[in-house]
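The values are calculated or read from the model by the stated rules, or taken from the named source; none is laboratory data. Quick caveat, the model's predicted, so the values are computed rather than measured. Every residue, glycine as well, gets a Cβ built from its backbone with ideal geometry; the counts of neighbours run over all protein chains shown.
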Ligand code: NAD
């Protein structure tokens with residue numbers, strides 16, 4: 001393995017000591033004065049303090065969004081709305097480096113991912129939806145589709161800016177106004193995005209950002225909004241579905257996953273190993289569609305595992321702002337505890353654990369990449385979403401067995417298939433109960449491609465023509 005000298009990112013974004021809520025185009029403190037801290041998970045240092053929205057702030061933000069919808073954004077032509085979205089997309093590109101560094105600081109993910117994936121993909125989402133804004137009547141959703149009104153949006157901490165883009169871009173393109181709550185551990189890029197909206201001269205009230213925790217999210221779900229768009233855990237998704245049942249609110253839920261990544265014996269093994277690594281170690285495994293269950297055909301299992309371990313041993317874990325880093329920090333102490341606890345059940349239930357030798361920084365929240373072999377379907381590490389850099393390896397003998405094992409989960413978000421035979425890919429894709437099936441690749445996203453789950457992974461689609469439907473009265 002090559003020795004690497006540190007290559008730290010030199011740009012530091014201008015982070016304020018304190019941020020307010022972003023309501024009606026202005027930053028302001030919470031009505032009751034509540035604040036909380038955001039921490040750099042790689043050092044445990046406090047980055048800034050931020051106002052925490054309560055019920056009164058939620059009501060204010062929803063009222064501002066309602067006014068903006070009725071007076072400006074709703075009546076505006078699609079072509080004019082599109083111009084604002086193009087402007088936002090271009091500003092995101094201009095400020096890409098600042099956003100990438102800020103995201104790495106607040107979230108702990110490696111700079112090479114925020115720089116090459118999170119920020120460009122977020123900008124792509126705004127470009128893509130800017131293009132739809134004046135073409136909605138051609139989307140196959142009726143001749144004159146109307147906006148819904150005010151949308152409440154709640155997002156998780158694993159892709160803070162990207163999830164914001166997935167939510168805000170289609171909502172605005174379709175003529176809705178939004179109140180978005182970022183996750184409590186990662187509000188920074190949403191606040192920088194609020195500043196960007198000011199710079200883009202977006203009319204006041206079209207985008208409102210309310211930092212806070214679960215109580216803020218619950219208040220937003222209960223508020224006078226026309227739709228709730230949620231990305232997060234299945235447990236909270238279930239609570240939201242209950243809370244809105246019987247109301248006229250439209251709902252989309254993007255929830256958890258426990259994806260199978262299936263390697264058949266005729267696959268190109270080195271490529272498959274890259275795909276396995278990308279599938280589970282990208283973003284520290286904090287990925288809803290992570291390929292957290294590797295299903296490998298028995299005849300090639302030893303070979304795949306040997307090459308996988310050799311590859312994982314080369315991954316560099318450490319400073320998120322170092323451009324050589326492959327695996328950054330775990331996002332919070334709480335998430336680290338969850339990963340540690342679930343990983344311990346693997347050993348206790350009889351699976352064999354393997355971790356590469358690597359030094360971890362002394363401060364911050366860190367977890368070594370982990371591979372479990374000898375995993376049985378009944379074990380918790382095979383059934384529950386760990387949401388960390390932990391891979392559970394199972395084997396199969398026949399293609400039918402692979403499909404049965406892959407589908408043996410309450411989730412249905414994504415799956416991967418590795419084989420050189422096109423016919424086998426189509427055969428497997430037809431049978432896999434998952435919203436997305438990748439073939440000879442993994443974790444590929446495009447604004448034009450709808451994303452979403454089956455079963456307990458939620459309902460509704462984000463992205464593509466299909467994603468527009470969730471934001472239109474059709
Ligand atoms: P979480 O459900 O705990 O939190 C998600 C968001 O919901 C946060 O902003 C949180 O503050 C808020 N929230 C918490 N309680 C709430 C309540 N009662 N009412 C309303 N909002 C509430 O999830 P998390 O731990 O932040 O994120 C990880 C989860 O998100 C994983 O399960 C992952 O699979 C899922 N996820 C899914 C997708 C997808 O597209 N399907 C994408 C990313 C993450």
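Scanning region 456-474 for residues that are in a loop (DSSP other than H, G, I, E, B) and within 14 Å of the ligand (Cβ to nearest atom) yields 460, 461, 463.
Residue 258 fulfils the conditions (1) touching a residue at least 24 places away in the same chain (Cβ under 8 Å); (2) more than 10 Å from the ligand (Cβ to nearest atom); (3) outside any helix (DSSP H, G or I) except for a single criterion, (2). Scanning region 282-298 for residues that are away from the ligand (no atom under 16 Å from the Cβ) and part of a helix (DSSP H, G or I) returns a single hit, 298. Tell me, which residue of region 157-186 that is in a helix (DSSP H, G or I) and within 13 Å of the ligand (Cβ to nearest atom) is farthest from residue 104 (Cα to Cα)? Restricting to residues being in a helix (DSSP H, G or I) and within 13 Å of the ligand (Cβ to nearest atom), the top hit is 167. Among residues of region 144-173 that are farther than 19 Å from residue 240 by Cβ and not assigned by TED's automatic domain parsing to the domain that holds residue 331, those with a beta-carbon under 6 Å from a residue that is surrounded by fewer than 24 Cβ atoms within 10 Å (Cβ to Cβ) and modelled with pLDDT under 95 at least six positions away or on a different chain give the pairs 145/474. For region 187-205, state whether one or more residues are under 30 Å from residue 20 (Cα atoms), in contact with a strand residue (DSSP E or B) (Cβ under 7 Å, 6 or more places away or on another chain), part of a helix (DSSP H, G or I) and near the ligand (Cβ under 9 Å from one of its atoms). So far as region 187-205 goes, no, none of its residues is under 30 Å from residue 20 (Cα atoms), in contact with a strand residue (DSSP E or B) (Cβ under 7 Å, 6 or more places away or on another chain), part of a helix (DSSP H, G or I) and near the ligand (Cβ under 9 Å from one of its atoms).
Go through region 432-455 residue by residue and tally those that are outside any strand (DSSP E or B) and surrounded by fewer than 20 Cβ atoms within 10 Å (Cβ to Cβ). Write out each step before concluding.
Let us first name the residues in region 432-455 that are outside any strand (DSSP E or B), namely 432-435, 440-450, 452-455.
Subset that is surrounded by fewer than 20 Cβ atoms within 10 Å (Cβ to Cβ): 433, 440-441, 444-446, 448-450, 454-455.
The total comes to 11.
Residue 339 - would you say it is surrounded by fewer than 23 Cβ atoms within 10 Å (Cβ to Cβ), assigned by TED's automatic domain parsing to the domain that holds residue 359 and within 18 Å of the chain's Cα centre (by Cα)? Yes: the conditions hold for residue 339. In the set (1) in contact (Cβ under 8 Å) with a residue 60 or more places away in the chain; (2) under 22 Å from residue 247 (Cα atoms), residue 222 fails one condition alone, (1).
So, residue 232, is that one within 10 Å of the ligand (Cβ to nearest atom), farther than 24 Å from residue 375 by Cα and either buried (at least 24 other Cβ atoms within 10 Å of the Cβ) or under 18 Å from the mean Cα position of the chain (by Cα) (or both) or not? Answer is yes for this residue.
Kindly provide the set of residues from region 337-359 that are under 15 Å from residue 318 (Cα atoms) and at pLDDT 95 or above, ordered by number. Correct list: 356 only.
Taken together, 310, 245, 267, 301 contain a single residue that is within 16 Å of the ligand (Cβ to nearest atom), more than 22 Å from the chain's Cα centre (by Cα) and more than 23 Å from residue 163 (Cα to Cα), which is 245. Tally the residues that are in contact (Cβ under 8 Å) with a residue 60 or more places away in the chain and either part of a loop (DSSP other than H, G, I, E, B) or buried (at least 16 other Cβ atoms within 10 Å of the Cβ) (or both), restricting the search to region 15-33. The total comes to 8. Any residue in region 277-295 that is in contact with a helix residue (DSSP H, G or I) (Cβ under 8 Å, 6 or more places away or on another chain) and more than 25 Å from residue 457 (Cβ to Cβ)? No, every residue in region 277-295 fails to be in contact with a helix residue (DSSP H, G or I) (Cβ under 8 Å, 6 or more places away or on another chain) and more than 25 Å from residue 457 (Cβ to Cβ). Taken together, 330, 339 contain a single residue that is touching a residue at least 40 places away in the same chain (Cβ under 8 Å), within 25 Å of residue 213 (Cα to Cα) and touching a strand residue (DSSP E or B) at 6+ places or on another chain (Cβ under 8 Å), which is 339. Within region 206-223, the set of residues being in a loop (DSSP other than H, G, I, E, B), within 16 Å of the ligand (Cβ to nearest atom) and crowded, with 24+ Cβ neighbours inside 10 Å comprises 210, 211, 212.
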